[in-house]
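Below you'll find the structure I mean.
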Amino acid sequence: MKIIISEGSGFCFGVKRAIQAAFDTADREKSGVFTLGPIIHNPQVVSRLEGLGVRVLDNADATDDVRVLIIRSHGVGPDVYESVSGRGIRVIDATCPFVKTAQSHAETLSREGYQVIIVGDRAHPEVQGILGYAGQDAVVFGKDDHADRFSIKRKVGIISQTTQSFNTLQRVIEEVLPLAGELRIFNTICNATRKRQYETGKLAESVDVMVVVGGKNSANTRRLQNLCEAQGVSAYHIETAQELQPEWFNDAQTVGITGGASTPDWIIQEVAEHLREL
Ligand code: F3S
């Protein structure tokens, strides 16, 4: 059985940067270090940090003994910065620069009187953060939402969650275009996501089975699985090598592996190793 790992798999630049910030802070500070939400959608990395004393805070208003608060790559809305200011908390802002760009476009569009449409998953923390900059009229369109003349204003600006699929962004643009009088579009899907999706799609075309590695709660990993299935190939989403089932590969000559933005390279290598043993 031939095993091919997709190019662009594993930690992206923004996730690497946030994790580095968390480990560096754990080295320097003795106590009171929290991340606002899990630093990445990967339980193995989160528990390694917990072992170093970095705890997870559910919301910035919590009254725990917070001395240092690390903001993860997803970013946050302005309300979070307001809620920690004046409380003697040192903020380490690891918001990915690509997310900052999306936030800044949302803010500018809103200020200039555009209704902001965010193409993304409403419940995702990155989208929640961007919404904080996008004004009262902002709406979120996910993959199953459709634009109609009641929900669209005359001046509209479209931006995207950085890890959104290009097809969903394109579909929303096509739906909004005939309804809006003026339309501005910022393609804020980040370069790492574009490369990951492109390489995964290309690999899925040429293998019998795809294994998609990443946290079960990672939306960008689930999107990779959808992308593979859309190419007509069987795709299995796993978090660790132990979940691999030999029967998935009964007739497979070639197996592709890809991983989400928060999947460590060592887990991908472990999956490849386990597959070789099978
Ligand atoms: Fe940043 Fe893109 Fe990663 S937005 S956190 S480089 S997936």
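Within segment 31-57, count every residue that is farther than 25 Å from residue 98 by Cβ and part of a loop (DSSP other than H, G, I, E, B).
Qualifying residue count, segment 31-57: 4.
I'm trying to understand the selection: among the residues of segment 27-41, which are away from the ligand (no atom under 16 Å from the Cβ) and open to solvent by less than 20 Å² (accessible area, probe 1.4 Å)?
Within segment 27-41, the first condition is being away from the ligand (no atom under 16 Å from the Cβ), and the residues that meet it are 27-34.
Residues satisfying the conditions are 32, 33, 34.
Being on the phi < 0 side of the Ramachandran plot, part of a helix (DSSP H, G or I) and either away from the ligand (no atom under 16 Å from the Cβ) or basic (Lys, Arg) (or both) is the requirement here; does residue 82 meet it? Let's see the steps before the verdict.
Details: on the phi < 0 side of the Ramachandran plot: yes; part of a helix (DSSP H, G or I): yes; either away from the ligand (no atom under 16 Å from the Cβ) or basic (Lys, Arg) (or both): yes.
For residue 82, the condition - on the phi < 0 side of the Ramachandran plot, part of a helix (DSSP H, G or I) and either away from the ligand (no atom under 16 Å from the Cβ) or basic (Lys, Arg) (or both) - is met.
Right, something else. Please verify whether segment 62-73 includes one or more residues that are within 16 Å of the ligand (Cβ to nearest atom), under 24 Å from residue 164 (Cα atoms) and touching an Asp or Glu at 6+ places or on another chain (Cβ under 6 Å).
So far as segment 62-73 goes, yes, one or more of its residues are within 16 Å of the ligand (Cβ to nearest atom), under 24 Å from residue 164 (Cα atoms) and touching an Asp or Glu at 6+ places or on another chain (Cβ under 6 Å).
Search segment 165-184 for residues that are in contact (Cβ under 8 Å) with a residue 12 or more places away in the chain and within 21 Å of residue 196 (Cβ to Cβ) and pair each with any residue that is open to solvent by 50 Å² or more (accessible area, probe 1.4 Å) and of a type outside the set (S, T, N, Q) when their beta-carbon atoms are under 7 Å apart and the residues are at least 6 apart or on different chains.
Qualifying pairs under 7 Å: 168/143.
Across segment 228-240, what is the total count of residues that are at pLDDT below 95, open to solvent by less than 60 Å² (accessible area, probe 1.4 Å) and not charged (D, E, K, R)?
Going through segment 228-240 one residue at a time, the tally reaches 1.
Still on this structure, please answer the following. Filter segment 149-198 down to residues that are aromatic (Phe, Trp, Tyr) and within 16 Å of the ligand (Cβ to nearest atom) and give me whichever is most open to solvent (accessible area, probe 1.4 Å). Walk me through how you get there before you give the answer.
Step one: filter segment 149-198 for residues aromatic (Phe, Trp, Tyr), giving 150, 166, 186, 198.
So of that shortlist, the ones also within 16 Å of the ligand (Cβ to nearest atom) come out as 166, 186, 198.
Details: 166: 99, 186: 50, 198: 140 Å².
Out of the qualifying residues, it is 198.
Another question about this same structure. May I ask you to list the residues in segment 85-100 that are within 17 Å of residue 33 (Cβ to Cβ), within 16 Å of the ligand (Cβ to nearest atom) and aliphatic (A, V, I, L, M)? Write out each step before concluding.
The initial filter retains those residues of segment 85-100 that are within 17 Å of residue 33 (Cβ to Cβ), namely 87-94.
Retained after the next criterion (residues that are within 16 Å of the ligand (Cβ to nearest atom)): 92-94.
Correct list: 92, 94.
Another one. Are any residues in segment 262-274 under 25 Å from residue 193 (Cβ atoms) and over 26 Å from the mean Cα position of the chain (by Cα), and if so, which ones?
Within segment 262-274, the first condition is being under 25 Å from residue 193 (Cβ atoms), and the residues that meet it are 262-272.
Scanning segment 262-274 gives no hits.
What number of residues within segment 85-118 are open to solvent by less than 10 Å² (accessible area, probe 1.4 Å) and either assigned to a strand (DSSP E or B) or of a type in the set (Ser, Thr, Tyr) (or both)?
5
If you don't mind, another one. Take residue 121 and decide whether it is in a helix (DSSP H, G or I) and not small (Gly, Ala, Ser). Walk me through how you get there before you give the answer.
Values: in a helix (DSSP H, G or I): no; not small (Gly, Ala, Ser): yes.
Criteria not met by residue 121.
Sort out which residues of segment 86-139 are free of Cβ contacts under 8 Å to residues at least 12 places away in the same chain and closer than 18 Å to residue 41 by Cβ, and write them in order of number.
Listed by number, the list holds a single entry, 123.
The values are calculated or read from the model by the stated rules, or taken from the named source; none is laboratory data. Since we're looking at a predicted model, the values are computed, not measured. Note that we place each Cβ from the backbone using ideal geometry, even for glycine, and neighbour counts take in every protein chain shown. Only protein heavy atoms, including side chains, enter the accessible area calculation; ligands, DNA and RNA are left aside. Shrake-Rupley method; radii C 1.70, N 1.55, O 1.52, S 1.80 Å.
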